[in-house]
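Here's the structure, in structure tokens; my notes come after.
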Amino acid sequence: MDITIILDYLIRGLSLGSVYAIIALGYTMVYGIAKMLNFAHGDVIMVGGYICFFAMSGLSGNFEEGSMAATVVPAVAGTLAAMVVCTILGVVIERLAYKPLRQASSLAVLITAIGVSYFLQNAALLLWSSNPKVFTPVTGRGSLQVGPLSVSYVTLLTIAACIIIMLALTAFTSKTKMGKAMRAVSEDKGAAQLMGINVNATISLTFAIGSALAAIAGVLYMSAYPTLTPTTGSMPGIKAFTAAVFGGIGSIPGAMLGGLLLGIIEIFAGAYISTQLQNAIVFAVLIVVLLVKPAGLLGKMVQEKV
Amino acid sequence: MNRILHMKKSTRSSLFTYTLVIVAYVVIQLLRAFREGGVGSVLEGQLVPICAYVTMALALNLVVGVSGELSLGHAGFMSIGAFAGCSVAAALQNTVTLDPLRLALSMVLGAVIAGFFGFLIGVPVLRLNGDYLAIVTLAFGEIIKSLVTNIYLGVDADGPQFSFLSNNNQLGEGGIELIRGPVGVTNSERIATFTAGFVLVLVALFIIFNLVNSRTGRAIMAARDNRIAAESVGISVTKYKMIAFVTSAALAGAAGTLYGCGQVTFTATKFDFNTSILILVFVVLGGLGNMWGSVIAAAALTILPEALRQFADYRMLVYAIVLILVMLATNNPTLWNFIARIREQRQEKKEGAK
């Protein structure tokens, strides 16, 4: 075993794990505050990918071939467009499909979320057809040479984005008034309402942030795995959920840790065990974690009250 | 007539379901026997899959409706049943020549193996609840799909040969390749018939109604309605949930065998997450815990898309919208209050008349 190869796998694992972590943050925040599993989160990633793809291919013709602006402007504009569209989409989904079910059983909410996920996939299928689109990486195709290692710009950008998002979210939830309101609502909805917190607005805000993160994750994921189809989002979505559970659902550092570990496990399982069984191994990890430590690595065990 | 009116509600409902299935069978058989062109080529090809999906819907309804746990991996049990059952059917091709007997043997074996896997999976899964349980069943469904895609199974005079990930089987003269990894299974003859499917649906109904209307069934529903209260009166929640889960997995396995033996060829990717969701849609539309609803929903939703080919693109979109609307409507407190008020008024009128 060569140390360079292992390092290379490790970096690829970290990069994939960073994408999972960003998606998992959306899952974990929504789960923490609305106590629901937003199954459609993975499909928001797909929508983000498509929006960015169309924005980029629409803009890239306006610039001189090979200039700096030709890479940067479409990428930034595409990402922003994806974030705006996904934020609106997330809030609209919450208002129309999830809000009427606040008091319903978790089974009903989960089935509705599956319905929303199916709706997004099939709407995308009708709008954009099942022919795969080839996504151009937002950073261009170059890579950075560090000794014997070659690290692509996409990988670097992904890891950097993950760290920045993580720091920003931690600061937001602990320092700002709205972030504190979010934490209060996830702790106790009724008490938060009595303290004058607008619970519905806070939940909408959570969905907005989660969906914007999903858009960023979509752009980064598509840059690394460039085939874009209407069902692209479901696998990373499910795996990111696995990551959120792995780290302890409801916990923001947990989502980060779970995502990174899962990415590394997935890449190493594919490299050293079998690529055909990669997904099976990732899911086996989920099952083992839930059995050994049902609250996840960093989660709190909540005792059920009678 | 009077006797029917004074029956217990559960007896009436099961009697209605049996009648529904038997009448549908008789009508279709009469049409096939006496009408020119039978029931039409579209429906003719769908008869066996319809029976398989109806059984799947009944099986899933037992878990989701009666036992109250959401399983998102039921297609996995169907897959196990299909691959195990069809392998047995192909392996016995020369030993048991009577087709219905061979099919029955394969279905029983498919059911037993799927039930066994249901037990293995149930041990860890049923310790969890709610969303976690749903996700773990989903994970198991995906794991089963990945594993089955990589199985190579063959049989020759020396007995069965098995290899995993790549095909290392060296079959002797006259050997049959049963499962060929990603290529799946190819049946040399399709032994599943509509009558076999009909019998399977009746058996599934018989098992489910007897289970639900027994002491065990009441314990399962008590555990669904309030886990803690059920435990406090001495019901072992895990045990009863396990009974429902294993029964359901076994029925799904039998349905899988029926489905597989009715196809020329099938692969493991047929039984993916989408199939699990499709069956869930049948159950939700038919009504959770309502068996005749599942029968009608599964049959109608299997035949409708085939009949409305030109709308195939919109089909899944419509399913999704219907799924969301049904959930929103059934959980709408205003609607329920309205229905309750109407019922109350009727009750008052009746009492006033007396």
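Among the residues in region B:113-124, are any under 21 Å from B:L278 (Cα atoms) and either within 14 Å of chain A (Cβ to nearest Cβ) or of a type in the set (S, T, N, Q) (or both)?
no
One line per residue, one yes/no per condition, for (1) open to solvent by less than 10 Å² (accessible area, probe 1.4 Å); (2) away from chain A (no Cβ under 14 Å); (3) in contact (Cβ under 8 Å) with a residue 60 or more places away in the chain:
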residue	(1), (2), (3)
B:I50	no, yes, yes
B:V54	yes, yes, yes
B:L58	yes, yes, yes
B:L62	yes, yes, yes
B:V66	yes, no, yes
B:E69	no, no, yes
B:G73	yes, no, yes
B:M78	yes, yes, yes
B:A82	yes, yes, yes
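What is the number of the single condition among (1) more than 14 Å from every other protein chain (Cβ to nearest Cβ); (2) under 14 Å from A:V30 (Cα atoms); (3) among the β-branched types (V, I, T) that A:T232 does not meet?
(2)
With the condition kept exactly as written, say whether any residue in region B:180-192 is in contact (Cβ under 8 Å) with a residue 40 or more places away in the chain, within 17 Å of the chain's Cα centre (by Cα) and more than 14 Å from chain A (Cβ to nearest Cβ).
Yes, region B:180-192 contains at least one residue that is in contact (Cβ under 8 Å) with a residue 40 or more places away in the chain, within 17 Å of the chain's Cα centre (by Cα) and more than 14 Å from chain A (Cβ to nearest Cβ).
Which one of B:I144, B:I191 is under 15 Å from B:H74 (Cα atoms) and among the β-branched types (V, I, T)?
Details: B:I191 fails: under 15 Å from B:H74 (Cα atoms).
Within the list B:I144, B:I191, the selection yields B:I144.
Report yes if B:V264 is within 30 Å of B:R12 (Cβ to Cβ) and either in the same structural domain as B:A114 (by TED's automatic domain parsing) or out of contact with any Lys or Arg (no Cβ under 6 Å at 6 or more places or on another chain) (or both), otherwise no.
Numbers: within 30 Å of B:R12 (Cβ to Cβ): no; either in the same structural domain as B:A114 (by TED's automatic domain parsing) or out of contact with any Lys or Arg (no Cβ under 6 Å at 6 or more places or on another chain) (or both): yes.
So B:V264 fails the test.
Can you name the residue in region B:243-284 that is open to solvent by 30 Å² or more (accessible area, probe 1.4 Å) and aliphatic (A, V, I, L, M) and is also farthest from B:T149 (Cα to Cα) among such residues?
Out of the qualifying residues, it is B:I243.
Mind telling me which of the residues A:A201, A:A224, A:A191, A:A243 ends up being in contact with a Leu (Cβ under 8 Å, 6 or more places away or on another chain), open to solvent by 10 Å² or more (accessible area, probe 1.4 Å) and modelled with pLDDT of 85 or more? Talk me through it step by step, then tell me what you get.
Numbers: A:A201 fails: in contact with a Leu (Cβ under 8 Å, 6 or more places away or on another chain); A:A191 fails: in contact with a Leu (Cβ under 8 Å, 6 or more places away or on another chain); A:A243 fails: open to solvent by 10 Å² or more (accessible area, probe 1.4 Å).
From the options A:A201, A:A224, A:A191, A:A243, the qualifying one is A:A224.
Is it the case, given these coordinates, that B:A250 is free of Cβ contacts under 8 Å to residues at least 40 places away in the same chain and part of a helix (DSSP H, G or I)?
Values: free of Cβ contacts under 8 Å to residues at least 40 places away in the same chain: no; part of a helix (DSSP H, G or I): yes.
Taking the combined requirement at face value, the residue does not satisfy it.
Kindly provide the set of residues from region B:111-139 that are at pLDDT below 90, assigned to a helix (DSSP H, G or I) and open to solvent by 30 Å² or more (accessible area, probe 1.4 Å), ordered by number.
Correct list: B:V123, B:Y132.
Tell me the residue from B:G110, B:G122, B:G118 that is under 20 Å from the mean Cα position of the chain (by Cα) and farther than 19 Å from B:T55 by Cβ, please.
It is B:G122.
Condition first: under 24 Å from B:I143 (Cβ atoms) and acidic (D, E). Now tell me which residues in region B:91-126 satisfy that.
none
Here are some conditions: (1) part of a helix (DSSP H, G or I); (2) open to solvent by 10 Å² or more (accessible area, probe 1.4 Å). B:M7 meets all but one. Which one does it not meet?
Of the numbered conditions (1) part of a helix (DSSP H, G or I); (2) open to solvent by 10 Å² or more (accessible area, probe 1.4 Å), the odd one out for B:M7 is (1).
Check B:T275, B:T269 and return the single one that is in contact with a Ser or Thr (Cβ under 8 Å, 6 or more places away or on another chain) and either in a loop (DSSP other than H, G, I, E, B) or at pLDDT below 90 (or both).
B:T269
Among the listed residues A:A124, A:A181, A:A191, which satisfies the condition of being small (G, A, S), within 30 Å of A:P253 (Cβ to Cβ) and touching a residue at least 12 places away in the same chain (Cβ under 8 Å)? Don't jump to the end; show me each part of the working.
Numbers: A:A124 fails: within 30 Å of A:P253 (Cβ to Cβ); A:A191 fails: touching a residue at least 12 places away in the same chain (Cβ under 8 Å).
On inspection, the qualifying residue turns out to be A:A181.
For every residue, the table says whether it meets (1) assigned to a helix (DSSP H, G or I); (2) out of contact with any helix residue (DSSP H, G or I) (no Cβ under 6 Å at 6 or more places or on another chain); (3) under 30 Å from B:E69 (Cα atoms).
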residue: A:L80; (1), (2), (3): yes, yes, no
residue: A:Q103; (1), (2), (3): no, yes, yes
residue: A:L107; (1), (2), (3): yes, yes, yes
residue: A:L125; (1), (2), (3): yes, yes, no
residue: A:N131; (1), (2), (3): no, yes, no
residue: A:T136; (1), (2), (3): no, yes, no
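Can we say B:S87 is more than 19 Å from B:I208 (Cα to Cα), among the hydroxyl-bearing types (S, T, Y) and more than 19 Å from the chain's Cα centre (by Cα)?
Yes: the conditions hold for B:S87.
If I filter region A:273-295 down to residues being of a type outside the set (A, V, I, L, M, F, W, C) and surrounded by 17 or more Cβ atoms within 10 Å (Cβ to Cβ), which single residue comes out as farthest from the other protein chains (Cβ to nearest Cβ)?
This residue is A:Q278.
Residues are listed down the side, and each one gets a yes or a no for (1) farther than 19 Å from B:L258 by Cα; (2) charged (D, E, K, R):
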residue	(1), (2)
B:V125	yes, no
B:A134	yes, no
B:I151	yes, no
B:G159	yes, no
B:R190	no, yes
B:V199	no, no
B:I207	no, no
B:G217	yes, no
B:M221	yes, no
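Looking at region B:314-327, I want the residues that are charged (D, E, K, R) and have a partner that is surrounded by fewer than 18 Cβ atoms within 10 Å (Cβ to Cβ) with Cβ atoms under 7 Å, at least 6 apart or on another chain. Which pairs are those?
Taking only residues 6 or more apart or on different chains, the pairs are B:R315/B:P305.
Only one of A:I45, A:I6, A:I23 is part of a helix (DSSP H, G or I) and at pLDDT below 90. Can you tell me which?
A:I6
In this structure, does A:G237 turn out to be within 12 Å of chain B (Cβ to nearest Cβ), at positive phi and surrounded by 22 or more Cβ atoms within 10 Å (Cβ to Cβ)?
no
Among the residues of region B:146-155, is any outside any loop (DSSP other than H, G, I, E, B), out of contact with any strand residue (DSSP E or B) (no Cβ under 8 Å at 6 or more places or on another chain) and away from chain A (no Cβ under 14 Å)?
Within region B:146-155, not a single residue is outside any loop (DSSP other than H, G, I, E, B), out of contact with any strand residue (DSSP E or B) (no Cβ under 8 Å at 6 or more places or on another chain) and away from chain A (no Cβ under 14 Å).
Suppose we filter region A:35-55 for residues that are surrounded by fewer than 23 Cβ atoms within 10 Å (Cβ to Cβ), touching a Phe, Trp or Tyr at 6+ places or on another chain (Cβ under 9 Å) and touching a residue at least 40 places away in the same chain (Cβ under 8 Å); how many remain?
So the answer is 2.
Looking only at region A:92-115, which residues are within 7 Å of chain B (Cβ to nearest Cβ), farther than 18 Å from B:V63 by Cβ and open to solvent by less than 20 Å² (accessible area, probe 1.4 Å)?
Across region A:92-115, the qualifying residues are A:A97, A:L101, A:T112, A:G115.
The values are calculated or read from the model by the stated rules, or taken from the named source; none is laboratory data. Since we're looking at a predicted model, the values are computed, not measured. Neighbour counts run over all protein chains shown; Cβ positions are idealised from the backbone, glycine included. Heads up: the accessible areas ignore ligands, DNA and RNA and are worked out on the full protein's heavy atoms, side chains in. Shrake-Rupley method; radii C 1.70, N 1.55, O 1.52, S 1.80 Å.
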